[in-house]
Amino acid sequence: MAIAEDIRIKPSSETLLRPDRPKPPLNYAQFIRWALLFLGGVLMVMPLVYMISTSLKYSFEVYNLNLIPEEPTLENYTYVLEDGRFYTWFLNSLIIATLTTISTLIFDSLVGYVLCKFKFRGRYLIFIAILSTLMIPTEMLVIPWYLMSQQLGWLDTYWGIMFPGLMTAFGVFLMKQFFETVPDDFLEAARIDGLNELQIWWSVAMPLVKPALAALAIFVFLGNWTAFIWPLIATTDTALYTLPVGLSSFGDEADVAWELIMTGAAISTLPTLVVFLIFQRFIIRGVVMAGLKG
């Protein structure tokens, strides 16, 4: 008798590797989100691209809106870098922004630590009073700052430019909120080990709030690096001009050398990029840690 054998068709390797599955439907919501993000990124980058493009143009081509210069040139960079005033203004901005940032990190963290970890009567009232100053526009504070600087002889000095930003209400608020995430048990253990309050603040609390310090350092440095109104009012000596004020002096009453201003602005963005590259890893680490704790 013939033995009937079942003949089974085995699937080929191509069938196993490429199963016949229906393609997932196109997610229109995700596509719209990506498109909006891309459009927003282009809108944010365009001023920077136009700044660099203008810095490569001659004066007669500045008012042409084309992004690619017809005759690209580096003469603007040569002129700005050969101008000795530019280095003076650059150094002034660097000194003022750096010292103000250091002062803000120290004093804002101290005040935030005290308001968060010390229990005393009236601390909430003090905190509200500090936050209320955020509602006062800077333009309303310029006249009191100027009168005080004039009476104390601070005009045309580094101190006169720096003193309004040596401590900020936003920094106090930010540091207080981050210090609330620091467990009190760590502080109590440090007190048992014999550390005083200043040592506890510096050695225990401060290392635990590095993301907040990094974010505050970036905000304060950028704010002071790009400050224009108060340095313009507080200084009349060109040797004390900051970079934004000095760049605005390129030109005269008849014409403004926009190509030189854009060139100086393009060069002045380098320190801000350096500051961001230095501190961004602390911010990213803080976001990751916050996600793990959540």
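The values are calculated or read from the model by the stated rules, or taken from the named source; none is laboratory data. This is a predicted model, so every value here is computed, not measured. All Cβ positions, even for glycine, are placed from backbone atoms using ideal geometry, and neighbour counts span all protein chains on display.
Tabulated values for the structure
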| read-out | value |
| --- | --- |
| Filter result (farther than 12 Å from Ser93 by Cα and exposed (fewer than 15 other Cβ atoms within 10 Å of the Cβ)) within the stretch 204-231 | Pro207, Ile229 |
| Which listed residue is in contact with a Lys or Arg (Cβ under 8 Å, 6 or more places away or on another chain) and either within 25 Å of Ile106 (Cα to Cα) or part of a helix (DSSP H, G or I) (or both), from Ala205, Ala266 | Ala205 |
| One residue from Leu67, Leu81, Leu115 being out of contact with any strand residue (DSSP E or B) (no Cβ under 7 Å at 6 or more places or on another chain), surrounded by fewer than 19 Cβ atoms within 10 Å (Cβ to Cβ) and not in a loop (DSSP other than H, G, I, E, B) | Leu81 |
| Qualifying residue in the stretch 29-51 (condition: under 30 Å from Pro207 (Cβ atoms), free of Cβ contacts under 8 Å to residues at least 40 places away in the same chain and either basic (Lys, Arg) or not assigned by TED's automatic domain parsing to the domain that holds Thr226 (or both)) | no |
| Neighbours by Cβ (under 6 Å, 6+ apart or cross-chain): first from the stretch 139-161, surrounded by fewer than 16 Cβ atoms within 10 Å (Cβ to Cβ); second in a helix (DSSP H, G or I) | Asp156/Leu240 |
| Neighbours by Cβ (under 7 Å, 6+ apart or cross-chain): first from the stretch 124-136, outside the structural domain of Val172 (by TED's automatic domain parsing); second at pLDDT below 90 and not in a helix (DSSP H, G or I) | none |
| Residue under evaluation Leu99, criteria (1) touching a residue at least 12 places away in the same chain (Cβ under 8 Å); (2) in a helix (DSSP H, G or I); (3) outside the structural domain of Leu213 (by TED's automatic domain parsing), criterion not met | (3) |
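Every residue, every condition in (1) in contact with a helix residue (DSSP H, G or I) (Cβ under 7 Å, 6 or more places away or on another chain); (2) not in a helix (DSSP H, G or I), yes or no:
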| site | (1), (2) |
| --- | --- |
| Asn92 | yes, no |
| Phe120 | no, yes |
| Glu139 | no, no |
| Phe163 | no, no |
